[in-house]
Each structure stands twice: as C-alpha cells, then as structure tokens.
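Written below as structure tokens is the structure these notes are about.
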Amino acid sequence: MIGWYLLTALLAIPSLWAAARVRSTFHRFARVGVRSGMSGAEAAHAVLRAAGISGVRVEPHRGFLTDHYDPRAKTLKLSPEVYGGRSISAVAVAAHEAGHAIQDAHRYVPLALRSAIVPVAKLGDHVWPLLFFLGLFANATGMMYAGIVLFAAMVLFQLVTLPTEFNASSRAKAVLASSGIVSTQEEAAGVSKVLNAAALTYVAAAVTAIVQLLYLLSLASRRN
C-alpha cells in the first residue's frame with residue numbers, strides 16, 4: 001500500500017507540471033490577438049465551414065479550459081475564455097475542438113473507439129480500487145485481476161486518446177492555415193505552442209496510467 005501511494009505521488013509530478021504548462025502557455029497567448037479578429041466561437045464555425053461540416057452547434061460552457069466536443073449532441077462546448085476570446089489561445093483551442101467534430105464527421109476510428117470505451121472507463125475509475133485492494137487484503141487474486149482489468153480499460157482509454165488528440169490538432173492547424181484564420185507565422189507558431197502544451201497533458205496521463213498498470217500487475221503476480 002505504501003509503495004502504491006508513493007508511486008502515485010511520484011507520477012503526479014509530471015502530470016502537474018504538464019497541467020501548469022498548459023495554463024501558463026494558454027494565459028501567455030491569451031494576451032496576443034489574431035489579425036482576423038475572430039473569437040474562438042467564430043473560429044470554430046469558420047473551421048467547420050472550411051471543412052464542409054454542418055449540423056454542429058457551438059455553445060459556451062462553464063469553467064476554465066473545460067472545452068470539449070460532445071459527439072452524441074454534435075456540439076462544441078467552449079469555455080468563456082475560448083468562446084468569447086479573440087486571441088491565439090482562444091482560436092487554437094476552439095479549432096482543436098472543431099477538429100474533433102471533423103473526426104466525427106469522417107468517422108475517425110480512434111475517436112469512435114474512445115467514445116465506445118468511455119462507459120467502461122468511467123465504471124473502472126470508480127470500481128477498480130475497491131476490487132483490487134479488497135482482493136489484496138483478502139488474498140483473493142481473482143478479485144485483484146478483476147480490478148486490474150477495469151484499470152486496463154482506463155489505460156486503453158488514455159492510449160486511444162493520444163492519436164485522437166494529436167490528429168485533432170493536426171486537422172485544426174491545417175484548416176486554420178488554409179482558411180486564413182491564422183495569417184502570420186507568429187500566429188501559427190503560437191497556435192502550435194498552445195496545442196503542443198495541451199498534448200503534453202495527454203502524454204503524461206498515458207505514461208502515468210501504464211506505469212501504474214505495470215505496478216498493479218506486479219503486485220498481483222507476487223500474491224499469486
């Protein structure tokens with residue numbers, strides 16, 4: 001148990017660093033406007049139009065950097081700083097989320113797979129500790145492995161998220177450049193920095209999940 005808590009604490013460091021970098025990079029470029037003068041919401045609509053995507057709503061959403069695309073509702077939900085912001089950060093994040101809508105329209109396989117895994121991953125997030133640690137204390141390896149299977153579903157979700165997020169950013173950058181929403185090299189560089197910082201959080205989460213899964217397997221193996 002002590003080893004698990006120590007490992008979790010150590011692995012939290014890169015995730016916290018990545019999250020801090022996202023916030024600092026977003027705030028930095030939130031102070032830099034774009035020549036087009038577009039808000040995040042306007043940029044999202046423009047990206048969708050440029051990609052030939054229709055029927056997707058763009059709505060404000062509470063919270064800081066809570067931006068996401070809901071494939072079930074076909075809706076882009078943008079945080080206040082992104083929805084109404086007229087900055088490089090706002091345009092970058094909005095275009096990235098529009099990239100997910102483009103993926104959805106083109107039936108991008110990793111996005112569909114991630115959506116399919118969501119219910120199991122959510123269940124696993126709540127149930128796996130109960131099964132695993134009860135099995136650990138009761139010396140019930142079957143229960144431990146059941147918890148590991150649920151945790152593995154969460155790891156799979158993190159792994160599938162990586163290509164999904166990187167691809168959405170690539171789509172966003174391409175449409176921003178081709179449509180003229182981002183018109184200078186400085187703006188393009190700023191967009192890349194914002195999106196690359198965000199990508200680090202997904203990489204850190206995936207690495208953390210993999211290491212934790214390997215540790216759980218080692219505990220179960222020793223008990224077995």
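The values are calculated or read from the model by the stated rules, or taken from the named source; none is laboratory data. Here the structure is a predicted model, which is why all the values come from computation and not from measurement. Methodologically, a virtual Cβ is constructed for each residue, glycine included, from the backbone with ideal geometry; neighbour enumeration extends over all protein chains shown.
Given the conditions (1) in contact with a Leu (Cβ under 9 Å, 6 or more places away or on another chain); (2) in a loop (DSSP other than H, G, I, E, B); (3) closer than 25 Å to T184 by Cα; (4) not aromatic (F, W, Y), report the number of the one that A90 does not fulfil.
(2)
Would you confirm whether any residue within the stretch 179-195 is of a type in the set (V, I, T), buried (at least 19 other Cβ atoms within 10 Å of the Cβ), out of contact with any Asp or Glu (no Cβ under 8 Å at 6 or more places or on another chain) and modelled with pLDDT of 90 or more?
Yes; the residues of the stretch 179-195 include at least one that is of a type in the set (V, I, T), buried (at least 19 other Cβ atoms within 10 Å of the Cβ), out of contact with any Asp or Glu (no Cβ under 8 Å at 6 or more places or on another chain) and modelled with pLDDT of 90 or more.
Confirm whether T201 is touching a Lys or Arg at 6+ places or on another chain (Cβ under 6 Å), among the polar types (S, T, N, Q) and closer than 30 Å to P129 by Cβ.
When the stated conditions are applied, T201 does not pass them.
Residue by residue through the stretch 56-87, note down the ones that are more than 22 Å from A116 (Cα to Cα), out of contact with any helix residue (DSSP H, G or I) (no Cβ under 6 Å at 6 or more places or on another chain) and assigned to a loop (DSSP other than H, G, I, E, B).
Scanning the stretch 56-87 gives H61, R62, G63, F64, L65, S79, G84, R86.
Taking the options R31, R62, R49, name whichever one is among the charged types (D, E, K, R) and either closer than 17 Å to A174 by Cβ or crowded, with 21+ Cβ neighbours inside 10 Å (or both).
Only one candidate qualifies: R49.
Of the residues A121, A95, A112, A116, which single one is of a type outside the set (F, W, Y) and more than 24 Å from L150 (Cβ to Cβ)?
A95
Do the conditions hold for L136, that is, is it over 21 Å from D70 (Cβ atoms), modelled with pLDDT under 95 and crowded, with 16+ Cβ neighbours inside 10 Å?
yes
Would you confirm whether or not the stretch 76-97 contains a residue that is among the small types (G, A, S), buried (at least 19 other Cβ atoms within 10 Å of the Cβ) and free of Cβ contacts under 8 Å to residues at least 24 places away in the same chain?
yes
I'd like to check something: does the stretch 159-176 contain any residue that is touching a residue at least 60 places away in the same chain (Cβ under 8 Å), more than 30 Å from F29 (Cα to Cα) and crowded, with 19+ Cβ neighbours inside 10 Å?
no
Sort through A204, A172, A220 and tell me the only one that's closer than 21 Å to P71 by Cα, out of contact with any strand residue (DSSP E or B) (no Cβ under 8 Å at 6 or more places or on another chain), modelled with pLDDT under 95 and not β-branched (V, I, T).
Checking each option against the conditions leaves just A172.
Please indicate, with yes or no, whether at least one residue in the stretch 202-216 is more than 23 Å from the chain's Cα centre (by Cα) and closer than 24 Å to L7 by Cα.
Yes, the conditions are met somewhere in the stretch 202-216.
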